[in-house]
1. Could you pull out every one of the aspartates and glutamates with an alpha carbon less than 19 Å from that of Lys666, ignoring same-chain neighbours closer than 8 positions?
2. Given R₀ = 25 Å, FRET efficiency for Thr157-Asp182 by Cβ-Cβ distance, to 0.05?
3. Kindly state, to the nearest 0.05, the FRET efficiency for Arg172 paired with Ala379, given R0 = 45 Å and r defined as their beta-carbon distance.
4. State which helices in the chain qualify, where a helix is a whole DSSP H run, it must extend 27 Å or more along its own axis by its Cα atoms, and its mean Kyte-Doolittle hydropathy must be at least -1.0.
5. Would you mind classifying segment 402-500 by shape? Square roots of the alpha carbon gyration tensor eigenvalues, ordered a ≥ b ≥ c; an a/c under 1.5 is rounded, otherwise it is prolate if a/b is larger than b/c and oblate if not.
6. Which of (1) 30.9, 101; (2) 37.8, 123; (3) 35.3, 137 is the computed Rg and Dmax of the Cα atoms in Å for the structure on display?
7. Based on other C-beta atoms within 10 Å, arrange Val45, Val419 from fewest to most.
8. Which links in Lys186/Lys318; Lys566/Lys607; Lys276/Lys318 stretch past 30 Å when you go from one Cα to the other?
Amino acid sequence: MSSPLIVAEPSSADTPLAGLAKIALGDGVIAHVTEALGRRHLDVVAPGPARPFVAAALAERTHLLLVTATGREADDLTAELQEMIGDAVAQFPSWETLPHERLSPSADTVGRRVEVLRRLARPDDRSYGAPLQVIVTTVRSLVQPMAPGLGEIEPVTLRVGVEHDFDGLIQRLVEMAYTRVDMVGKRGEFAVRGGILDLFSPTADHPVRVEFWGDEVTELRAFSVADQRSLAELEIDAVIAPPCRELLLTEDVRDRAAQLAVDNQADAALVEMLDKMSAGIPVEGMEALLPVLRPGQLQLLTDVLPDGAHVLLCDPEKIRTRATDLVRTGQEFLEASWTAASIGGAVPLDTSVLKGDGIDLGASAYRSLSQVRESAEAAGLPWWTLSPLASGSGEELELAITPAPQVRGSDELLSELFVSLRAHVTTGGRAVVVVAGAGTAHRVLERLREAEVPAAELAPGSEPARGQVGVLRGSLHDGLVFPGDDSTPGLVIVTEADLTGNRVAAVGDGKRLPAKRRNQVDPLALTAGDMVVHDQHGIGRFVEMVERTIGGARREYLVIEYAASKRGHPGDRLFVPMESLDQLSRYVGGELPALSKLGGSDWANTKRKARKAVREIAGELVQLYAARQAAPGHAFGPDTPWQKEMEDAFAFTETHDQLTVISEVKADMEKAVPMDRV
């Protein structure tokens, strides 16, 4: 598969390490790597921290498949490279399941895999951003065959103003293995309420509410899974929904499943699975039947790479060991499953008994690493390795890059490092300290200045200057030292992990999660007779959910019954559209209340009385707190860089409520009066 290489211009906001990478790639030692481009085989020797820089250098001139032994290594490399060269980097995740497990990979995993394959198959489609230059994956994905043509599957794409056959769209989502539910709660689900489609793509952060007027998309709004309320702060330009399964139940697949069920009546469990599939019902673990249900030879990831792409294995010894373990683990799992079945456990999927022409179910098993290499080399793809250890053969390309000094929390070693950095920048060298959080950056700057080291904070994406130590925020896990040349000292990079000895968690983007509304209404949990409160009309009784078509648009409504406006007449009814659920809340009073009247003054009077009672209570509280304010207390100081450093190291994103409470508690502790909190 051939495609032109297009290098996108990175944005400093998305690529905070772009300037650092530019200086590092300008070092002469990296030129040795780029000069070797095109060689069919090359063993490069360099320390582990050099991986993202070697990969970034190759990515400037060719497409690259970067292979690691573990998922954590893949995650780290992806984060580092994305901060260097932007969204031209993507990770190709691995299945969480083994071939013989009666489990299917999650929709999240499948969606991300298919998205990468789509970007490879359609490099000119800018819906996903810049064309891919680097794909990071694990050896597990490298050796696992997959269904052919996954990148050619057209995703569902929705944009405002574009028309879609509504019923055909629903059918298409079902064919792509989306699950229809009453209320969307996780990726790979969709819900239909009149002319509103709630869709949670497996590659999206939030589900999207798609409003139709007839067959035209009129609005796209992200909403929260927690309370189904719209997230006004998020703008949605388009919705792209890839498949949720790598085996889709097309008409051909259903026909083959039906025939296999007829030919294999001896295995009741297998027949039951095939019967469901022939009826278009996805089944857990059906991917094990991929070789017989999808005609054509299965593909490896190397088969879909662009022409001339380089395959780079990071730490080849670990990768070889892991590949061997994967093949053995798959077989051991099957044997253990049959042992468990002999004492009453579930029988594993026995694909060996399948009858039919040309059936080879072993085609979906993990391939050996040597088989993958032979396939890649047959396709003309260079096969390179990057190892921290030299074999001594003399045929390797050894890069004169060394790991950064390891301080690991030692004050003595830290002082020695600062002395070295001061001497390095004084002689015209460049040095950068990369940390994750703002608090840590301020603390490092403070310590550098205390040690009389010239230092300054760097803006995201900027290049480090000579003569000073730059402090930069970014995701770089380990530092290293470039040699430079005879006339100019090289670049020194020190990371937070080098300073503290602790693995640094990725810092969140600072987005606040929406607060969950108290006593929110879950329409699926309501039963006829439940009491609810409408913001404008007061207390009513839930009756039912109905669907109505008004002006050609279908909507679902909650029917709320109120007190009759005239004696002897039935109660009045209010139809509340589903998109206005935020105006309803559950009634939580202790006694059964009287229903409010629509259009009357009862509800207004009730709210007025409540406000009056609140004011009376507030007056009593004012007197109480006046007495508290007169009592002496201890005032704590404002946040220090240490406090900010600790908060930045928190690996999770706080909710809006949590952030509010934290700020309020801090404000109370800084006052010279006793804090009144439980």
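1. Within the straight-line limit of under 19 Å, Lys666 reaches these aspartates and glutamates: Asp639, Glu645, Glu647, Asp648, Glu654, Asp657, Asp676.
2. For Thr157 and Asp182, the calculated efficiency is 0.50.
3. 0.85
4. The answer, listed by residue number, is 316-341, 602-630.
5. Taking the square roots of the gyration eigenvalues as a ≥ b ≥ c, segment 402-500 is rounded.
6. The value matching this structure is (1).
7. Lowest count first: Val419, Val45.
8. Exceeds cut-off: Lys186/Lys318; Lys276/Lys318.
None of the figures in this text is laboratory data; all of them are computed from the coordinates on show. These numbers were taken from a predicted model, which means no experiment stands behind them. Cβ coordinates were reconstructed from backbone atoms using ideal geometry, including for glycine residues, and neighbour counts include every protein chain displayed.
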